[in-house]
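> Right, I'll just put the structure down here and ask away after.
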Amino acid sequence: MLAILMAGGIGSRMGAYSDRPKCLWPVGGMPLIERTVRMLLENGCRVGIVTGYKEELLHEALRDYSVEWYHNPFFRVTNSIGSLWFAREALTGEEDVILANADVYWDKTLLDMLIRSEEQATMLGDVTRTLTGDYFFKTKDGYLVNYGKDLPESERTCEYVGAAKISRSFVEGFRSRMDRMVRNEEYKIWWENVLYEHCWEYPVYVRDVEGEFWGEIDCLEDYNRIAEHVSVRQK
């Protein structure tokens, strides 16, 4: 199985606290992305990382790990779909693919949920987080039917976790749609939009992670919550 981590963003919302990419902030004594890479490699995944902002810091942090590198030279003017597009050669259709944002803390339990999924496309969502959060889903019978940052509370089923899996049978279609979107100059959107904008044609299953800990670093409070959780676990 291939896992690709999107690590090219500037993280402007956290720029007041550090000029390092968010995925390099320390969690339990190591950079967050190192923790994720180690988990993926230990569970048999081949790992690709898409860089952009301060890529040299990422290379240094992961110098001891066998990963495949891709670079988005236009990271300042594109969003994450642009980054994934630069790794498109890895999307061969010969293996299932896990896609995740590098500033998300998640553990083996969530990874196992994705690995075990037999759906053509699976995204992780948390039903316990619908009042506050960054991006929300509405599902019906477990499948995505609406989405958005400003989705009305009455329509929210869960918050998006930041990780997904596409099966090998769906990879070619996913890649061709992403390529078409980028060539149509839709490069200021997220890689997830490839799934969002076609979910009525190609169903996207949302796997609930209720009861499991995860966190995306969108603000300092997010980081502190993640660091505290890992610190308690290590005691």
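The values are calculated or read from the model by the stated rules, or taken from the named source; none is laboratory data. Owing to the predicted nature of the structure, the values given are computational and were not obtained by experimental measurement. Backbone-built Cβ (ideal geometry, glycine too); neighbour counts: all protein chains shown.
> Can you report the number of residues in region 16-62 which are surrounded by fewer than 19 Cβ atoms within 10 Å (Cβ to Cβ), in a helix (DSSP H, G or I) and not charged (D, E, K, R)?
So the count comes out to 4.
> Hey, another quick one. Those residues that are surrounded by 21 or more Cβ atoms within 10 Å (Cβ to Cβ) and modelled with pLDDT under 95, I need them from region 1-10; list them, please.
Gly8, Gly9
> Being closer than 14 Å to Pro26 by Cα, surrounded by 12 or more Cβ atoms within 10 Å (Cβ to Cβ) and of a type outside the set (Gly, Ala, Ser) is the filter here; which residues of region 199-235 pass it?
Glu216, Ile217, Leu220, Asp222, Tyr223, Asn224, Arg225, Ile226, His229, Val230 - these are the residues of region 199-235 that are closer than 14 Å to Pro26 by Cα, surrounded by 12 or more Cβ atoms within 10 Å (Cβ to Cβ) and of a type outside the set (Gly, Ala, Ser).
Residues checked against (1) assigned to a loop (DSSP other than H, G, I, E, B); (2) on the phi > 0 side of the Ramachandran plot; (3) at pLDDT 95 or above:
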{"site": "Tyr187", "(1), (2), (3)": "yes, no, no"}
{"site": "Trp190", "(1), (2), (3)": "yes, no, yes"}
{"site": "Leu195", "(1), (2), (3)": "no, no, yes"}
{"site": "Tyr202", "(1), (2), (3)": "yes, no, no"}
{"site": "Val206", "(1), (2), (3)": "no, no, yes"}
{"site": "Glu212", "(1), (2), (3)": "yes, no, yes"}
{"site": "Tyr223", "(1), (2), (3)": "no, no, no"}
{"site": "Glu228", "(1), (2), (3)": "no, no, no"}
{"site": "Ser231", "(1), (2), (3)": "no, no, no"}
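> What number of residues within region 131-154 are among the β-branched types (Val, Ile, Thr) and not in a loop (DSSP other than H, G, I, E, B)?
2
> Still on this structure, I have one more. When you check Phe174 against the structure, is it surrounded by 16 or more Cβ atoms within 10 Å (Cβ to Cβ), of a type outside the set (Ser, Thr, Tyr) and touching a Gly at 6+ places or on another chain (Cβ under 7 Å), yes or no?
Numbers: surrounded by 16 or more Cβ atoms within 10 Å (Cβ to Cβ): yes; of a type outside the set (Ser, Thr, Tyr): yes; touching a Gly at 6+ places or on another chain (Cβ under 7 Å): no.
No: the conditions fail for Phe174.
For every residue, the table says whether it meets (1) more than 23 Å from Leu40 (Cα to Cα); (2) under 19 Å from the mean Cα position of the chain (by Cα); (3) free of Cβ contacts under 8 Å to residues at least 60 places away in the same chain.
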site: Tyr143; (1), (2), (3): yes, yes, no
site: Ala163; (1), (2), (3): no, yes, no
site: Val171; (1), (2), (3): no, yes, no
site: Arg175; (1), (2), (3): no, yes, no
site: Arg180; (1), (2), (3): yes, no, yes
site: Leu195; (1), (2), (3): no, yes, no
site: Val206; (1), (2), (3): no, yes, no
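> Could you tell me which residue of region 39-97 is farthest from the chain's Cα centre (by Cα), considering only residues that are free of Cβ contacts under 8 Å to residues at least 40 places away in the same chain and under 22 Å from Ser169 (Cα atoms)?
Ranking the candidates gives Glu89 first.
> On the given criteria, is Thr132 closer than 26 Å to Pro26 by Cβ and among the β-branched types (Val, Ile, Thr)? So that I can check it myself, show each step before the final result.
Numbers: closer than 26 Å to Pro26 by Cβ: yes; among the β-branched types (Val, Ile, Thr): yes.
Criteria met by Thr132.
> Return the pair list, or none, for Cβ contacts closer than 6 Å from residues in region 211-235 that are in contact (Cβ under 8 Å) with a residue 12 or more places away in the chain to residues that are β-branched (Val, Ile, Thr), at least 6 apart or on different chains.
Within 6 Å, the pairs are Glu212/Thr109; Trp214/Val161; Gly215/Ile226; Glu216/Val104; Tyr223/Ile217; Ile226/Val27; Ala227/Val27; Val230/Val27.
Let's see how each residue does on (1) assigned to a helix (DSSP H, G or I); (2) of a type in the set (Phe, Trp, Tyr); (3) under 17 Å from Gly52 (Cβ atoms):
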residue: Phe75; (1), (2), (3): no, yes, yes
residue: Leu84; (1), (2), (3): yes, no, yes
residue: Glu95; (1), (2), (3): no, no, no
residue: Ala100; (1), (2), (3): no, no, yes
residue: Leu111; (1), (2), (3): yes, no, no
residue: Leu114; (1), (2), (3): yes, no, no
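> Moving to a separate point now. Report whether or not Thr130 is closer than 16 Å to Tyr196 by Cα and surrounded by 14 or more Cβ atoms within 10 Å (Cβ to Cβ).
Criteria not met by Thr130.
> Here's something else I'd like to know. Name the single residue, out of those in region 116-125 being in a loop (DSSP other than H, G, I, E, B) and among the charged types (D, E, K, R), that is surrounded by the most Cβ atoms within 10 Å (Cβ to Cβ).
Applying the filter and picking the extreme gives Glu119.
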